Amino acid sequence: MGSLKKLLILSIWDDPWSLGEGSGVPDERHFIRRFRDAGVELHFLIPESADGRVRRGEEGVHFHTYGNVFHKARILPSPLRRLTIPYIYTCSVYGDLSRMVEQIEPDVMLGFSHYAIEPISRIGRQRGIPTAVKLFGVMYLAWEDLPVLQRWWLNFDQDRALKHPLDKYIVLNDGTMGDRALATHGIPAEKIEFLPNGMDFEWAGTEIDVAAERARFGLPVDKALIVTVSRLVKLKRIDLLIEAVSKMSGEARDRAALVITGDGRDKPALEEMSRALGIDGMTYFTGALPYDSMPRILRSCDIFAATSELTNMSMPPCEAMLCGLPVAAFNVAGTSEAVRDGETGLLIDNGDTGAMAAALDRLVLNPEMRGNLGRGAAAYAADNFMSWEERTTRELEILEQLASKKDHA
């Protein structure tokens, strides 16, 4: 074991899965496994669950709670909630975090998300404890061309948080260009660690019986399946995908089906939209699926469609590429880094549903093109993505280096 023996993590999430137990992004699970295997004692300070569930620890992993200010703030009107949460959060969590520091004497304090920056910055400086934050993306922070008021409204909480200094900023490359955004905010380059999302590389070699898997998921056997995997919320713009599919040629619609995997508050409206546009007979809502079923559903489909407002280089499109699917994506933020037009997929002008329909037509009606782009996507993924083991090992090395600085302070 190195200098890092105890790590205190301040998180805003009471559950590691974004779509319920077993469904969503497994980042925290891989993080815990790697650090625990290295003998690091992990202490998570997380919000109390809104439904009263208690998160259980395991050997070397401990969960402590603070009042769930996000849940309590729901009584406020949305604009007021957005304006006040950063202040309320810091005030409410500060005392619990101070007590945890006194109790466990961590070697490093790590925040999950920008909300954690201010409290760990203040306490870290007071106690002489190295500090870091892990940003899973930076939303609109790199969007410099927005109107001034809109940009302020979308970013004021992150702008405010970044005024509080930390020793390290671990930023995941989800396509929102976090390294550029932090540099623009005056964060020194030597403090920024820009890391890719982890990938389950064994998915690339997963052999499946396509017909059997389609039957398992209730999907048609004889269609070209266009799939998307997403939380069903406004910024993912699944409504634009449904609109685009409704604009496909009659021949392409006859040969295709749309598979929408995920859940969220917009699901009923999206189901109604598909009925209103007359494509409900070719649209399949699977709901949220366990993460370990993702390689099976991806490899049983033919085309991945990505329509997010923020980035289409997030984990689902990249995982689809790993599984050999070409990606049809709106070209927003850093998407073109991975979705390379004519090489790994097709890039479409942002928000142009007519152009998305035309791209899907081409992929549905041209199996040879589909296959060539899918092979290009798989090759790019193999050469450019990072395994979970590599990614979490790099995080461990970064925090070990911070802990060693404390030892020599």
Taking the stated definitions as given, is GLY137 open to solvent by 10 Å² or more (accessible area, probe 1.4 Å) and not polar (S, T, N, Q)? yes
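Table: residues versus (1) out of contact with any Leu (no Cβ under 7 Å at 6 or more places or on another chain); (2) under 22 Å from ASP352 (Cα atoms).
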{"position": "TRP203", "(1), (2)": "no, no"}
{"position": "GLU207", "(1), (2)": "yes, no"}
{"position": "VAL210", "(1), (2)": "yes, no"}
{"position": "ARG216", "(1), (2)": "yes, no"}
{"position": "LYS223", "(1), (2)": "yes, no"}
{"position": "VAL229", "(1), (2)": "yes, yes"}
{"position": "LEU240", "(1), (2)": "yes, yes"}
{"position": "VAL245", "(1), (2)": "no, yes"}
{"position": "MET248", "(1), (2)": "no, yes"}
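Looking at LEU232, LEU258, which one is in a loop (DSSP other than H, G, I, E, B) and either touching a Pro at 6+ places or on another chain (Cβ under 9 Å) or open to solvent by less than 30 Å² (accessible area, probe 1.4 Å) (or both)?
Working: LEU258 fails: in a loop (DSSP other than H, G, I, E, B).
After ruling out the rest, the residue left standing is LEU232.
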What is the residue count in the stretch 372-395 for residues that are out of contact with any helix residue (DSSP H, G or I) (no Cβ under 6 Å at 6 or more places or on another chain) and surrounded by fewer than 18 Cβ atoms within 10 Å (Cβ to Cβ)? 11
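Suppose we keep only residues that are in a loop (DSSP other than H, G, I, E, B) and in contact (Cβ under 8 Å) with a residue 60 or more places away in the chain within the stretch 172-190. Which one would you say is farthest from the chain's Cα centre (by Cα)? Walk me through how you get there before you give the answer.
Filtering the stretch 172-190 down to residues in a loop (DSSP other than H, G, I, E, B) leaves 174-177, 185-188.
Applying the additional criterion that residues be in contact (Cβ under 8 Å) with a residue 60 or more places away in the chain yields 174-177.
Numbers: ASP174: 7, GLY175: 10, THR176: 11, MET177: 13 Å.
In this case the residue turns out to be MET177.
Being over 16 Å from THR206 (Cα atoms), touching a helix residue (DSSP H, G or I) at 6+ places or on another chain (Cβ under 8 Å) and not hydrophobic (A, V, I, L, M, F, W, C) is the filter here, so list the residues in the stretch 294-315 that pass it.
Narrowing the stretch 294-315 to residues over 16 Å from THR206 (Cα atoms): 303-315.
So of that shortlist, the ones also touching a helix residue (DSSP H, G or I) at 6+ places or on another chain (Cβ under 8 Å) come out as 303-313.
Within the stretch 294-315, THR307, SER308, GLU309, THR311, ASN312 qualify.
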Which of the residues belonging to the stretch 261-293 are out of contact with any Pro (no Cβ under 8 Å at 6 or more places or on another chain), farther than 19 Å from VAL221 by Cβ and in a helix (DSSP H, G or I)? LYS267, PRO268, ALA269, LEU270, GLU271, GLU272, MET273, SER274, ARG275, ALA276, ASP280, ASP292
Kindly provide the set of residues from the stretch 194-229 that are in a helix (DSSP H, G or I) and touching a Cys at 6+ places or on another chain (Cβ under 8 Å), ordered by number. TRP203, ALA204
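The values are calculated or read from the model by the stated rules, or taken from the named source; none is laboratory data. Worth saying up front: this structure is predicted, and the values here are computed from it rather than measured. Methodologically, a virtual Cβ is constructed for each residue, glycine included, from the backbone with ideal geometry; neighbour enumeration extends over all protein chains shown. Accessible surface areas use protein heavy atoms only, side chains included; no ligands, DNA or RNA. Shrake-Rupley method; radii C 1.70, N 1.55, O 1.52, S 1.80 Å.
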